[in-house]
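Undergrad: I'd like to ask you about the structure that follows.
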Amino acid sequence: RKEVEQDPGPFNVPEGATVAFNCTYSNSASQSFFWYRQDCRKEPKLLMSVYSSGNEDGRFTAQLNRASQYISLLIRDSKLSDSATYLCVVNRPQGNSGYALNFGKGTSLLVTP
Amino acid sequence: EAEVAQSPRYKITEKSQAVAFWCDPISGHATLYWYRQILGQGPELLVQFQDESVVDDSQLPKDRFSAERLKGVDSTLKIQPAELGDSAMYLCASSPDGRNYNSPLHFGNGTRLTVT
């Protein structure tokens, strides 16, 4: 089983729609969670961290369910500029050496006029 | 905003040749990562440095790949000999301290490698 799993999509939605992405992770010792955004042929960029109580940044809301090892990202009022691949990222303890970050394959979003 | 610098941006090489990529992390960042991203996949960790020490190279194909960060600042990733399957985007990232569980990564622009 992959450490981080996402539905690859693509999700095709009209402007103004609400869309949700889900992600599951396998390592129960994971402690931090992130969503990254990646535009075509560009590097990933941090969209937002995901906190246990859930958090919101403008039109973006992230949720964490530790019991189910599940993370979600909700985008409200989608814009054309939201079209990108959204990567779910989960940390993995490395013993005494710190943490590595494991990436999902990404979920592709296309927002259409 | 400070950036992670990578070079070259693009590299085309023939199989069996040697190729090298360079990365300069954000100043003061102790942890440096090399990831490989194949088209349609998420980035996969190749090697992680804490200062000058390797802390994870479990996914690095050591028969052909090597990485170093001699002074704990910039880093070089080398492939010798390159194979067709090595064609991918090679991403360097840094974080202030990877021992901090909440430390996000900052990526460079990447090097897109094509092996012919």
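The values are calculated or read from the model by the stated rules, or taken from the named source; none is laboratory data. All of these numbers come straight from a predicted model, not from anything done at the bench. Here the Cβ is made from the backbone with ideal geometry for all residues, glycine too, and neighbour counts use every protein chain on show. Accessible surface is based on the protein model in full, side chains and every heavy atom, while ligands, DNA and RNA are left aside. Shrake-Rupley method; radii C 1.70, N 1.55, O 1.52, S 1.80 Å.
Undergrad: Only sites in a loop by DSSP and with at most 10 other Cβ atoms within 10 Å count here; which trypsin sites (Lys or Arg not before Pro) in region A:1-80 make the cut?
TA: Values: sites: A:1, A:2, A:37, A:41, A:42, A:45, A:59, A:66, A:76, A:79; in loops: A:1, A:2, A:41, A:42, A:59, A:66, A:76, A:79.
Sparse-neighbourhood loop trypsin sites (Lys or Arg not before Pro): A:1, A:41.
Undergrad: Here's a follow-up. Nearest 20 debye, what's the magnitude of the dipole of the protein assembly as shown about its Cα centre given +1 on Lys and Arg Cβ and -1 on Asp and Glu Cβ?
TA: 300
Undergrad: Please compute the modelled spin-label separation between residue A:68 and residue B:73, points set 7 Å along Cα→Cβ, answer in nm with one decimal.
TA: That separation, rounded to one decimal, is 4.9 nm.
Undergrad: Spit out the partnerless Cys residues in the protein assembly as shown, using Cβ distances under 4.7 Å as the pairing rule.
TA: That list is A:40.
Undergrad: When the chain is fully extended, how far beyond the present Cα-Cα distance does residue A:26 get from residue A:5, taking 0.36 nm per residue of separation?
TA: This chain segment gains 6.7 nm when fully extended.
Undergrad: Placing +1 at every Lys and Arg Cβ and -1 at every Asp and Glu Cβ, with all other atoms neutral, what dipole size does region B:1-99 have around its Cα centre, in debye to the nearest 20?
TA: Its charge dipole is roughly 260 debye.
Undergrad: Which whole-number percentage describes the relative contact order of chain A, with Cα contacts under 8 Å and a sequence gap of 6 or more? Could you put the intermediate results ahead of the total?
TA: Details: 280 pairs, mean separation 41.4, N = 113.
Computed value for chain A: 37 percent relative contact order.
Undergrad: Projecting each Cα onto the charge dipole of chain A (Lys/Arg +1, Asp/Glu -1 at the beta carbon, about the Cα centre), which of A:93, A:112, A:73 comes out farthest on the positive side?
TA: Checked the options; the winner is A:93.
Undergrad: Could you derive backbone 3J(HN,Hα) for region A:83-94 from the dihedral phi with the Karplus parameters 6.51, -1.76 and 1.60 (θ = phi - 60°), listing whole Hz in sequence and x where the residue is Gly or Pro?
TA: 4, 4, 9, 10, 9, 8, 10, 10, 7, 9, x, 10
Undergrad: In whole Hz, with x marking every Gly and Pro, tabulate ³J(HN,Hα) for region B:53-66 from phi via Karplus 6.51 cos²θ - 1.76 cosθ + 1.60, θ = phi - 60°.
TA: Once rounded to whole Hz, the list reads 9, 6, 10, 7, 9, 5, 9, 8, x, 6, 6, 10, 9, 9.
Undergrad: Over chain A, average the accessible area per residue using a 1.4 Å probe and give it in Å², no decimals.
TA: So chain A comes to 48 Å² accessible per residue, rounded to a whole number.
Undergrad: A follow-up question, please. Quick one: Karplus J couplings for region B:89-106, per residue in order, coefficients 6.51, -1.76, 1.60, θ = phi - 60°, nearest Hz, x for Gly and Pro?
TA: Those phi angles translate into 9, 9, 10, 9, 9, 9, 9, x, 6, x, 6, 7, 5, 9, 9, x, 9, 10 Hz.
Undergrad: Using unit Cβ charges (K, R positive; D, E negative) and no other charged atoms, how large, in debye to the nearest 20, is the dipole of region A:9-97 about its Cα centre?
TA: Once rounded to the nearest 20, the dipole reads 200 debye.
Undergrad: Here's something else I'd like to know. If you take every residue apart from residue A:83 with its C-beta less than 15 Å away from the C-beta of residue A:83, what net charge results, scoring Lys and Arg +1 and Asp and Glu -1?
TA: Numbers: positive: A:37, A:41, A:42, A:45, A:59, A:79; negative: A:15, A:39, A:77, A:82.
Once all neighbours under 15 Å are counted, the net charge is +2.
Undergrad: Quickly work out the residue B:80-to-residue B:16 label distance, labels modelled 7 Å from Cα along the C-beta direction, and quote it in nm with one decimal.
TA: Placing both labels 7 Å beyond Cα along the Cβ direction yields 1.6 nm.
Undergrad: If N is the number of residues in the protein assembly as shown, what value comes out of its Cα radius of gyration divided by 2.2 N^0.38 Å? Can you show the working numbers first?
TA: Details: Rg = 17.7 Å, N = 229, 2.2 N^0.38 = 17.3 Å.
Cα Rg divided by the expected 2.2 N^0.38 Å: 1.02.
Undergrad: Another question, then. Nearest 0.05, what FRET efficiency do residue B:64 and residue A:41 give at R0 = 22 Å with Cβ-Cβ as r? All intermediate terms of the calculation are to be shown ahead of the outcome.
TA: Working: r = 25 Å, r/R0 = 1.14.
So the FRET efficiency works out to roughly 0.30.
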